[in-house]
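Asker: Would you mind keeping the following structure in view while I ask a few things?
The values are calculated or read from the model by the stated rules, or taken from the named source; none is laboratory data. Keep in mind it's a predicted model, so treat the numbers as computed, not measured. Reconstructed Cβ throughout: ideal geometry from the backbone, glycine too, with neighbour counts over all protein chains shown.
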Amino acid sequence: MQTFIMIAQVIAALSILVLIHELGHFLAAKLFKIKVDKFYLFFDFLFPMPSVLNFALFKFKKGDTEYGLGWFPMGGYVQINGMVDENMGNQDLTKPAEPWEFRSKPAWQRMIVMLGGIIFNVILGIIIFSGIKYYYGEKLLLNSSVKKGIAPSELAQEMGFRMGDKIEYINGNKIIHLEDALNAQIIMSENPIYTVNRNDSMLDIKLPNDFLKRLTKKTKGGFFTPRMELYVEKTTVGSAAEKAGLMPNDKIIGVDTNRINCFDEFQPLLIAYAGKETPITIIRNKDTLKLISKIGTDGKLGFIPTDKNWKFDTISYTFFASIPAGINQAYETIAGQIAGWGKIFNGDIPVNKAVQGPIGIAKYFGPTWDWLNFWMLTALISMGLAFMNFLPIPALDGGHVVLLIIEMVTKKPISIKIQERVQTVGTVILLGLMLLIFGNDIFSLFK
């Protein structure tokens, strides 16, 4: 069931993103009275071979356009009449151009058509980010309330962080909210310096040049997490925690004979006692109690942990205030994308660690349908899709844009033969990227 929910979320998110992207191309083409032969969610052929296994699960025709749902769930497309791409169908571009064809239109109009999908993905990202700000607001953890400091990952320990360090500054700037210490733009910057309070002494930790390369190799967990005194916020229905009698506001202080202070000490013990009936020591209303619980074979009890000592800044947004906040988050996302790809091109991040396929994406959505997480990931992927399509790679929108810029500068149209060759090269590149992505996904299943 959990796997089904993850798959359903991926399909739903990608369907929204593909439809919006192709709608951008479609409406831009219609704006300039260019004939659109097909509008498909998913491919009705074995991509990138339009004549292989060519059938649709559902289709209908309205006006000049055939609308349909393809069988190959790896994207979608609009087939624009008179345009050289992987979805040309049976078009004969050796004949003189008709007024309704893409190739008969001025270069600036064709440019807008090619940018339509990218623009719509950016707009969608802004709308979702703004909607999240308006509906959910923002809940930011005050760094001053994290009394137990941080629990560093293995990589963070290699960088010099230690259990209980309290992060005070980054690059000399005071950290107000703990989320600021994990800001993507800061992490992507050149050798950021973290100043931590360790046993009442201030210490600078400078991240090395190969930090991002090493970070992308670590596939589990974050860089660090705040240390959490262990309170029960809510138990899962039917879970071992509920059956044992754990209740909201209980403070867990021990597992068997082991005393614990924080959640990071609790997790390894659960794994060690997985599948066994084990005493759990709690404090409830100042009384110390022992509950017997059979810990799941996955090393889980089934409850949401919290720290009652943490304090948050809750920021609410009016409708009009949410719009610039959404635009700012979209800008920060794109800036992070640019910085990240810069690191890839410089060799700081391996390409095979920087790309995710459907399986990798599904893991981020998680086994439960959380609408906040769903829409946030959809917005992030939408911005990523816009950025990826803008890259000057043949067969992507950015590749078409490069050809149009050359045409506008030279004032000479690119020949159909050259466009077809460029398209072939781009298709080979895309196939190679797809193999890399799916290979990376499959390999991750065996880790």
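Asker: Considering only residues that are in contact (Cβ under 8 Å) with a residue 60 or more places away in the chain and out of contact with any Ser or Thr (no Cβ under 6 Å at 6 or more places or on another chain), look in the range 32-59 and name the one that is surrounded by the fewest Cβ atoms within 10 Å (Cβ to Cβ).
Answerer: Per the criteria, the residue is LYS33.
Asker: Restrict the check to the range 383-395 and report whether at least one residue is assigned by TED's automatic domain parsing to the domain that holds ALA97, among the polar types (S, T, N, Q), over 26 Å from the mean Cα position of the chain (by Cα) and modelled with pLDDT of 80 or more.
Answerer: No, the range 383-395 has no match at all.
Asker: Please name all residue pairs, on different chains or six or more residues apart, with Cβ atoms under 8 Å, provided the first residue is in the range 305-322 and is more than 20 Å from GLU179 (Cα to Cα) and the second residue is of a type in the set (Phe, Trp, Tyr).
Answerer: Once the first residue is more than 20 Å from GLU179 (Cα to Cα) and sits in the range 305-322, its partners that are of a type in the set (Phe, Trp, Tyr) give THR318/TYR134; PHE319/TYR134.
Asker: Oh, and also: Might you check whether a residue that is within 30 Å of the chain's Cα centre (by Cα), among the aromatic types (Phe, Trp, Tyr) and surrounded by 17 or more Cβ atoms within 10 Å (Cβ to Cβ) occurs anywhere in the range 291-303?
Answerer: Yes, that holds for at least one residue.
Asker: Say we look at the range 245-269 and pick out the residues that are among the β-branched types (Val, Ile, Thr) and surrounded by fewer than 18 Cβ atoms within 10 Å (Cβ to Cβ); which of these is farthest from VAL146 (Cα to Cα)?
Answerer: Among those residues, the one meeting the criterion is THR257.
Asker: Next question, about the same structure. Give the residue, chosen from LYS206, LYS148, LYS166, LYS213, that is closer than 30 Å to ALA330 by Cβ and out of contact with any His (no Cβ under 9 Å at 6 or more places or on another chain).
Answerer: Selected residue: LYS213, the only one of LYS206, LYS148, LYS166, LYS213 that is closer than 30 Å to ALA330 by Cβ and out of contact with any His (no Cβ under 9 Å at 6 or more places or on another chain).
Asker: Within the set of pairs 6+ apart or on separate chains, which have a first residue in the range 375-403 that is within 16 Å of ILE20 (Cα to Cα), a second that is buried (at least 19 other Cβ atoms within 10 Å of the Cβ) and among the charged types (D, E, K, R), and C-beta atoms under 6 Å apart?
Answerer: Sorted first by the residue in the range 375-403, then by its partner, the pairs are ASN389/ASP397.
Asker: What's the number of the condition GLY399 fails, among (1) in contact with a helix residue (DSSP H, G or I) (Cβ under 7 Å, 6 or more places away or on another chain); (2) surrounded by fewer than 19 Cβ atoms within 10 Å (Cβ to Cβ); (3) assigned to a helix (DSSP H, G or I)?
Answerer: Looking at each condition in turn, GLY399 falls short on (2).
Asker: What's the number of the only condition in (1) modelled with pLDDT of 75 or more; (2) within 24 Å of GLY24 (Cβ to Cβ); (3) surrounded by 14 or more Cβ atoms within 10 Å (Cβ to Cβ) that ILE437 fails to meet?
Answerer: It is condition (1) that ILE437 fails.
Asker: For GLN109, work out the one condition from (1) under 14 Å from ALA28 (Cβ atoms); (2) of a type in the set (S, T, N, Q); (3) at pLDDT below 90 it doesn't fulfil.
Answerer: (3)
Asker: Which residue out of ILE80, ILE128 is on the phi < 0 side of the Ramachandran plot, under 29 Å from the mean Cα position of the chain (by Cα) and either at pLDDT below 90 or surrounded by 19 or more Cβ atoms within 10 Å (Cβ to Cβ) (or both)?
Answerer: Going through ILE80, ILE128 in turn, just one is on the phi < 0 side of the Ramachandran plot, under 29 Å from the mean Cα position of the chain (by Cα) and either at pLDDT below 90 or surrounded by 19 or more Cβ atoms within 10 Å (Cβ to Cβ) (or both): ILE128.
Asker: Mind checking which residues of the range 310-367 are assigned to a loop (DSSP other than H, G, I, E, B), among the β-branched types (Val, Ile, Thr) and at pLDDT 70 or above?
Answerer: THR318
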